[in-house]
1. Which listed residue (VAL26, LEU66, SER77) has the Cα farthest towards the positive end of the charge dipole for segment 3-81, taking +1 on Lys and Arg C-beta and -1 on Asp and Glu C-beta about the Cα centre?
2. Could you pull out every one of the aspartates and glutamates with an alpha carbon less than 17 Å from that of LYS330, ignoring same-chain neighbours closer than 8 positions?
3. Where does each of THR443, THR327 land when they are ranked from fewest to most other beta-carbon atoms within 10 angstrom?
4. Just tell me which lysines come within less than 21 Å, Cα to Cα, of LYS478; anything on the same chain fewer than 8 places away is out.
5. Determine, for ILE193, ILE358, the number of other Cβ atoms within 10 Å of each Cβ, and report the residues in order from fewest to most.
6. Once you order the gyration tensor axes a ≥ b ≥ c over the Cα atoms, which shape class does segment 267-379 get: rounded for a/c under 1.5, otherwise prolate or oblate by comparing a/b with b/c?
7. Give the long-range amide H neighbours of ARG445: residues separated by 5 or more places, or on another chain, with amide H under 5 Å away, using H modelled in the peptide plane at 1.01 Å from N.
8. Compute, for segment 136-245, the length of the dipole vector about the Cα centre, with Cβ point charges of +1 (Lys, Arg) and -1 (Asp, Glu) only. Units Debye, rounded to 20.
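A short reminder: the numbers here are calculations on the coordinates, not readings from a lab. These numbers come from a predicted model, not from an experiment. Glycine gets a Cβ as well: all are built from the backbone with ideal geometry, and neighbour counts include every protein chain shown.
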Amino acid sequence: MSWAEIYPWQAPNPGGPVIRQVYDQVRGAIHAGALKPGGRLPSSRDLAQRLSVARASVVAAYDMLLAEGYAEGRPGSGTYVCGDLSGVLDLKPPPNADARGAPPQPPAGLSALEGLALPSIEAGMRMFSNGRTLMDARALDAWAASTRRALKTLDPVHFGYSDPRGEPALRAAVADYLRAARGVVCEPDQVIITSGAQHAVDVAVRVLLQPGDPVWMEDPGYLPTWHALAAAGAELHAVPVDRAGLDVAAGVAAAPRARLAFVTPSHQYPLGVTLSMGRRLELLAWAREAGAWIVEDDYSSEFRYSGPPLAALQGLDGGERVIYVGTLNKALFPGLRLGYMVAPRPLADALAKARQLIDRQPPTVTQAVLLDFIESGQFAAHIRRRRLAYRAQRDALVEALRARLGERLEVEVPDQGMHLTAFLKDGEDDVAAQAAAAARGITARAISPLYRTAKPRPGLLLGFTGYPARSMAGGVAKLADALADLD
């Protein structure tokens, strides 16, 4: 009795691709060793009868096996398994496998990503989620008008490859805006358009760090930056943050020759404090003396609610040691996926080349729409309106928290940014509070997991920019119910 008579052939599933199913069965028999190299395949007529399919389907499946090197035809004799399967079968164990054939271990850098959860779209839609924005009707109409104008006047460059640094006109507009609004010292050739602040951080890490290089990171700090540095193999030094911002003296004591320092000086994430002028000058003096670089993430610079906008750290330095990073996604809407970095001149070429290798170029059509939105004056008008609206939303949230949860929460009112931090009194468990809030359908991010070596102060991070002021009381009521569930 031949193998063809005892092999467990199965009729194709109804509705599925018959040819592919026949091909998969024969190919599987070859991989399993039931069909040996040089062995004869059953005739197309015989196999068609066994599988209850049309003979033409078997012939087509055999043609696929012939084309891929699994089979060979012999005129007047039939179709056979190819005598040499080395081109299609890996008959040896993987070089990194152990004697039992265990799969190789993943690269070491991947272990640094184990604690990084992929974002939940559902959770990001809940009340108090951070980073959400509101586009009012005027801004939406203006964006639609900019889109129509941009599409009518598309240059041929938009249909091909373009400058990896971004469109020159947009980079000039960004440079003008940063000089006027943030005191950044730059020219358009130093601006590189990215998909956001995190993309810019990744580019800087790739250019400036080698595995084992010491790096300062704020403690507590932004978790995705921690993971990006750990994945690059950096030697991470958690530098504590107090009411004056990053403790520069502690950083110098821990790693005086660090290669990089990552800071959020205007609105520290997550505590919301501002880096004092004394600390700013101290940080810049250390960077110059140590030959280090500073990455300044100015992620919510547009939204300051009292006093004039703070000057960027980069402007104090004259752009010599600071890589300035910002995002337009929070100024407009996260789905935009456009940000920027301002490179010190000695690094501009290398950072642009790294940006090209990672993502080739930013989307040209989106850049054209954004440029029109800026040049028409709509961007500045939108920021003015949002600044007033977000301040009202912040105040409504603070009022509701103090009225409903004043005995349980200590609320820090931020002068800038898109979130506030409400610290839990009496050392309550903020991770448990986060879980209880999620069960009630709201997002209240625990901040204790954002600490590394400093003693955590339990608290909840609450975003307010994505929700109308009138909705704050209802959201706080749900938060109060969630915290009551812990009693």
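1. SER77
2. ASP136, GLU296, ASP297, ASP298, GLU302, ASP415
3. Ranking THR443, THR327 by Cβ neighbours within 10 Å, fewest first, gives THR443, THR327.
4. LYS425
5. Working: ILE193 26, ILE358 14.
Least to most surrounded, the residues fall as ILE358, ILE193.
6. The shape class here is oblate.
7. LEU461
8. My answer is approximately 480 debye.
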